[in-house]
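Worksheet: one structure, shown below.
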Amino acid sequence: MSIQLLINAVDFSSYVISSERYNCVCKPIGTLDLQLAANLPANIDTYQDVEFWEDGVKVFTGYTGEFGEKRLPYEVPLQCFDVLIKAKDTWLETNYISNGETVGHWVGVFLSLAGLNNRNLGALEEYNIFEGFGWQYMTAWDAITQALQMCPYQLYADRNGVIQGTSMNKYGAVSATITDYMSYERTRDDGYLRNRAVVFGYDGLVADIIWPNTYLPNETRAVVVATGQIYNQPTADEIARRMLYEFSSPLDVKVLTIPGDPSLEIGNVIKLTDSWSGFDASCVLTSLQATYDKETYKLEIALDERCPKFWGWDTPPPEEMIMYAATWGQGVYRSPDAGVSWGVTALAANYVYAINVVNDDVVWASCQDGVYYTEDKGGTWTNQTMGNPLGGTGVVEANLDWIGIVTAHNDPSYVYVLATYDGFTWIYYSLDNGFSWNSRRIF
């Protein structure tokens with residue numbers, strides 16, 4: 001197989017020892033990992049243009065990222081990212097408010113902020129962001145992710161760097177037929193199944209829908225999301241129905257290793273025929289990993305993965321997992337069984353912006369009236385900003401909106417909270433579990 005690598009239009013093909021290219025619709029920022037000969041003629045910097053070909057077919061367009069400073073005796077690693085990395089590295093510098101425009105409009109706005117104007121977002125024009133919803137204090141990629149949660153489509157960059165907003169379905173024209181492969185594994189899992197969907201929206205809005213499911217004749221499994229992005233009952237009902245549709249049948253993923261084929265890319269419809277198991281059907285290609293070195297060129301592809309991404313709900317958690325949900329007007333809910341059943345904790349009837357789960361027992365919640373803390377799975381909560389020193393900002397605690405929270409991964413007693421008041425924004429931080437606070441104004 002032949003390969004070609006251009007970095008800032010300079011040909012580095014002769015220095016490529018091996019490559020690994022990965023694209024997945026569930027993780028839409030694709031990567032290209034290269035091992036290059038250590039005798040490179042020039043240094044490579046970040047954010048240089050990258051184009052990569054396999055057997056004369058362009059398979060990757062993006063930018064240089066991590067360049068290995070520690071060189072092995074004969075090679076040096078270089079990691080590249082597709083063009084969507086620019087959205088991840090671009091921050092919103094102002095507040096954006098929807099006037100009821102489409103998802104495609106707002107995704108386009110945030111892509112433009114990142115300088116990404118080569119795109120095809122026609123499918124996203126079918127859905128609207130409700131009037132009054134806003135974005136601030138986040139990256140362009142986070143804003144795009146939030147906008148996409150209002151529609152059933154995915155976003156990814158194709159091989160030419162064109163950003164595609166589209167559905168992943170297996171009913172289009174077949175791009176390839178696969179009957180021969182090096183390995184084949186089929187995984188069917190009913191852990192995805194749900195027949196009840198609960199949506200908590202803005203100011204106490206609730207949608208609770210149950211659909212009969214032949215795969216779950218004698219039990220109820222719930223999926224729950226909570227977000228202030230949903231303002232009206234029809235939208236909440238539609239989101240609940242979409243979730244039930246996504247999780248109405250078992251997961252059925254096919255993973256194959258096949259000889260290298262540069263023509264394949266995510267979103268392709270693949271006709272898969274397996275004579276041993278009798279499987280013969282069309283599938284959609286949802287992830288692809290291509291590996292190349294001087295001796296081998298092969299692909300590992302996955303078909304029919306699901307990644308609906310409803311406000312962070314991606315793949316089903318383990319059955320024993322304890323889950324928490326922040327709601328706008330109804331406090332914090334808890335599920336002891338990975339979302340099958342839910343009940344409100346002692347922090348009820350509160351407007352909760354965000355939660356940070358330290359472990360099954362310890363949870364922080366940033367609310368409209370303060371920052372709360374529990375050590376007993378939500379049985380009792382303490383307002384850690386009420387009566388504790390706030391670091392001399394001159395703003396009284398009652399006037400602050402506590403809109404985001406995170407704890408340090410290596411020491412959960414270090415707490416960081418984003419707070420706003422009268423158009424200004426502060427970071428409040430505590431190094432003693434919220435018993436005292438310091439602050440720094442950032443906007």
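The values are calculated or read from the model by the stated rules, or taken from the named source; none is laboratory data. In this text the structure is predicted, and so the values were computed from the model without any measurement. Virtual Cβ from ideal backbone geometry, glycine too; neighbours counted across all protein chains shown.
Summary of computed values
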read-out: Some residue of the range 167-177 being modelled with pLDDT of 85 or more and in a helix (DSSP H, G or I); value: no
read-out: Among residues of the range 339-357, those that are part of a loop (DSSP other than H, G, I, E, B) and buried (at least 18 other Cβ atoms within 10 Å of the Cβ), counted; value: 5
read-out: Residue list for the range 11-26, restricted to those being loosely packed, with under 13 Cβ neighbours inside 10 Å and part of a strand (DSSP E or B); value: D11
read-out: V59 under 14 Å from G161 (Cβ atoms), outside the structural domain of D293 (by TED's automatic domain parsing) and crowded, with 18+ Cβ neighbours inside 10 Å; value: yes
read-out: Selection status of N268, of a type outside the set (V, I, T) and surrounded by fewer than 20 Cβ atoms within 10 Å (Cβ to Cβ); value: no
read-out: Scan of the range 307-338 for residues that are among the hydrophobic types (A, V, I, L, M, F, W, C) and either outside any loop (DSSP other than H, G, I, E, B) or modelled with pLDDT of 60 or more (or both), ordered by number; value: C307, F310, W313, M321, I322, M323, A325, A326, W328, V332, A338
read-out: Complete set of residues in the range 227-264 that are more than 20 Å from the chain's Cα centre (by Cα) and within 30 Å of N160 (Cβ to Cβ); value: K254, V255, L256, T257, I258, P259, G260, D261, P262, S263, L264
read-out: Selection within the range 122-138 - buried (at least 20 other Cβ atoms within 10 Å of the Cβ) and in a loop (DSSP other than H, G, I, E, B); value: I129, F133
read-out: Unmet criterion (only one of (1) modelled with pLDDT of 90 or more; (2) more than 21 Å from N118 (Cα to Cα)) for P41; value: (1)
read-out: Filter result (polar (S, T, N, Q) and closer than 18 Å to Y202 by Cβ) within the range 120-135; value: N128
read-out: Looking only at the range 251-263, and only at residues there that are assigned to a strand (DSSP E or B) and out of contact with any Pro (no Cβ under 9 Å at 6 or more places or on another chain), the one that is surrounded by the fewest Cβ atoms within 10 Å (Cβ to Cβ); value: P259
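The rows are residues; the columns are (1) in the same structural domain as G115 (by TED's automatic domain parsing); (2) surrounded by 14 or more Cβ atoms within 10 Å (Cβ to Cβ).
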| residue | (1), (2) |
| --- | --- |
| A140 | yes, yes |
| N160 | yes, no |
| M182 | no, no |
| Y202 | no, yes |
| T235 | no, yes |
| E238 | no, yes |
